[in-house]
1. What is the calculated FRET efficiency for ARG154 to GLU69, with r their C-beta to C-beta distance and R₀ = 22 Å, to the nearest 0.05?
2. With a cut-off of 15 Å, note down the residues of the range 176-207 whose backbone N falls inside the zone around a label point 7 Å from the Cα of LEU123 toward its beta carbon.
3. Once fully extended, how much extra length lies between VAL177 and HIS51, figured as 0.36 nm per residue of separation less the alpha-carbon to alpha-carbon distance?
4. How much net charge surrounds ILE61 when only the other residues with a Cβ under 12 Å from the Cβ of ILE61 are counted, with Lys and Arg +1 and Asp and Glu -1?
5. Just to confirm a number: summing +1 for Lys and Arg and -1 for Asp and Glu over residues other than LEU196 whose beta-carbon lies under 12 angstrom from that of LEU196, what do you get?
6. Which loop GluC sites (Glu not before Pro) in the range 111-207, with loop taken from DSSP, have no more than 12 other Cβ atoms within 10 angstrom of their Cβ?
7. Starting from the Cα-Cα distance between LEU136 and ILE44, subtract it from 0.36 nm times their residue separation and give me the gain in nm to one decimal.
8. Using R₀ = 35 Å, calculate the FRET efficiency as 1/(1 + (r/R₀)^6) where r is the Cβ-Cβ separation of PHE60 and GLU37; round to 0.05.
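What follows is calculated from the coordinates using simple rules that are stated; it is not laboratory data. Everything numeric here is computed off the predicted structure, so don't read it as measured data. FYI the Cβ positions are ideal-geometry reconstructions off the backbone, even for glycines, and counts take in every protein chain you see.
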Amino acid sequence: MRFFTKFLSLASLCLCLLVNIAFASDLPSIAPPAAVENYNKPFINEIRAGHFAHNVYPGFIPNSLEKFEFTRWENVNAEILFRPIDWVGEKWLGTLRPHIGATVNFNNRENMAYAGFATTKHLFDSPVFLEASFGLAIHDGYLSNPPAGSGLRRLGCRVQFHESFSLGYDITEKMNVMATYEHTSNADLCEFNSGLSNAGIRMGYKF
């Protein structure tokens, strides 16, 4: 399938970039303690999987509960997060990790693969955490003029911006559960920009 070919290409590119970052950070003698601690963590830091509803909201930032539509529970999401990166905003904004993932639809609607960075912040040292991510996505949907009555979106660009927001809870030190809202659109850089928003529940396992 053309989607999986594009996804594998994007995943390979992201993995090459992340490997280069990992080797470039292999300087324990001069790195601060936090950076050494992060480097000693497994390269694959966490894996996630979950069930999403497709096209739940017509825009980006929800401003009306009445516009939500959770009727198309036909997506599966999978995601890999890599070892944390030491960065200046960790104290206030949380742990920063590169990630790659995909949301696959099983009813002949839009699929996407994405890569970017996610920051995770626990609230007051509790098991509850907030997470936000930003990056790029590639999809196999229509750029313009989908079949009439299909309900498919006019996404405009093949490569789009990808954002997600999660509210989660650590069940144990290794496992967590979260509610996630993801959105992809092109910020009006192309002729059409219908955007696509999915939402659902995911489980995570930390190494």
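1. Using R0 = 22 Å, I get an efficiency of 0.75.
2. Within reach of a label on LEU123, which here means backbone N under 15 Å from a point 7 Å along Cα→Cβ, the range 176-207 contributes 177-180.
3. Extra length available between VAL177 and HIS51 comes to 44.2 nm.
4. My count for the surroundings of ILE61 gives 0.
5. Cβ neighbours under 12 Å give a net charge of 0.
6. Within the range 111-207, the qualifying GluC sites (Glu not before Pro) (loop, at most 12 other Cβ atoms within 10 Å) are GLU173, GLU191.
7. Result for the pair: 31.1 nm of gain on full extension.
8. Computed FRET efficiency for PHE60 and GLU37 comes out at 0.45.
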